[in-house]
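Take a look at the structure set out below.
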Amino acid sequence: MEVLRQLLRGRRTISELVQLVFAVGPSSPDFHPCYVRTWRAVRELEARGLVSAPLLGKDKAYRLTQHGLGALLSLSEDRDKQGLGILSRTDHVVFASTIILGAATYILSRPGGLTAFFVFMLGVSTCRLISRLRSVW
């Protein structure tokens with residue numbers, strides 16, 4: 001939780017997080033175990049889509065994603081709500097209907113209204129997928 005709190009304040013590298021969370025300097029003998037512990041915590045948050053992954057390099061700055069910020073904000077709003085997933089029910093419905101329409105278009109093999117609707121739904125599902133990927137990147 002402390003890692004998330006520090007990332008709310010801005011971008012931080014793992015070394016900076018270790019110094020802020022554990023108050024341990026790089027020259028201290030306790031720095032490496034604390035570094036590994038923080039690195040594991042960041043990797044777990046990254047796997048959940050709450051923290052961004054650095055693209056290149058070892059010691060890049062990590063930050064909270066839009067999905068992570070939304071998940072933290074939803075904690076204070078509604079306790080009865082199930083955990084916020086990356087994909088909503090609407091996303092699942094759009095993706096499933098696109099797959100079903102694609103299969104039906106392939107099986108019927110007739111150009112027409114069904115094909116046009118499939119192409120439209122393919123565009124909708126692509127846009128939703130891209131927006132979801134942007135929220136966790």
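Structure data summary
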{"quantity": "Environment charge at residue 49 (Cβ cut-off 15 Å; Lys +1, Arg +1, Asp -1, Glu -1)", "calculated": "+2"}
{"quantity": "Assigned charges on the beta-carbon of Lys, Arg, Asp, Glu; the chain dipole about Cα centre (debye)", "calculated": "220 debye"}
{"quantity": "Given (i) 17.8; (ii) 16.4; (iii) 16.7, the label whose value is Kirkwood radius over Cα pairs in Å derived from this model", "calculated": "(i)"}
{"quantity": "Kyte-Doolittle at least 1.0, axis length at least 20 Å by Cα - qualifying DSSP helices, the chain", "calculated": "89-108, 113-136"}
{"quantity": "Theoretical FRET efficiency, 1/(1+(r/R0)^6), r = Cβ-Cβ of residue 5 and residue 117, R0 30 Å, to 0.05", "calculated": "0.05"}
{"quantity": "Volume per residue of the C-alpha convex hull in the range 89-136, rounded to whole Å³", "calculated": "58 Å³"}
{"quantity": "Theoretical ellipticity at 222 nm over the chain - DSSP helices of four or more residues, -39500 (n - 2.57) apiece, nearest 500", "calculated": "-21000 deg cm²/dmol"}
{"quantity": "Chain lengthening between residue 92 and residue 109 when straightened (0.36 nm per residue, less Cα-Cα)", "calculated": "3.6 nm"}
{"quantity": "Contour minus Cα-Cα distance for residue 40 and residue 74 (0.36 nm per residue)", "calculated": "9.8 nm"}
{"quantity": "Environment charge at residue 20 (Cβ cut-off 10 Å; Lys +1, Arg +1, Asp -1, Glu -1)", "calculated": "+1"}
{"quantity": "Taking the convex hull of Cα positions in the range 2-77, its mean projected area over all directions (nm²)", "calculated": "5.1 nm²"}
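The numbers here are math on the coordinates, done by the rules we state, and not lab data. Here the structure is a predicted model, which is why all the values come from computation and not from measurement. Backbone-built Cβ (ideal geometry, glycine too); neighbour counts: all protein chains shown.
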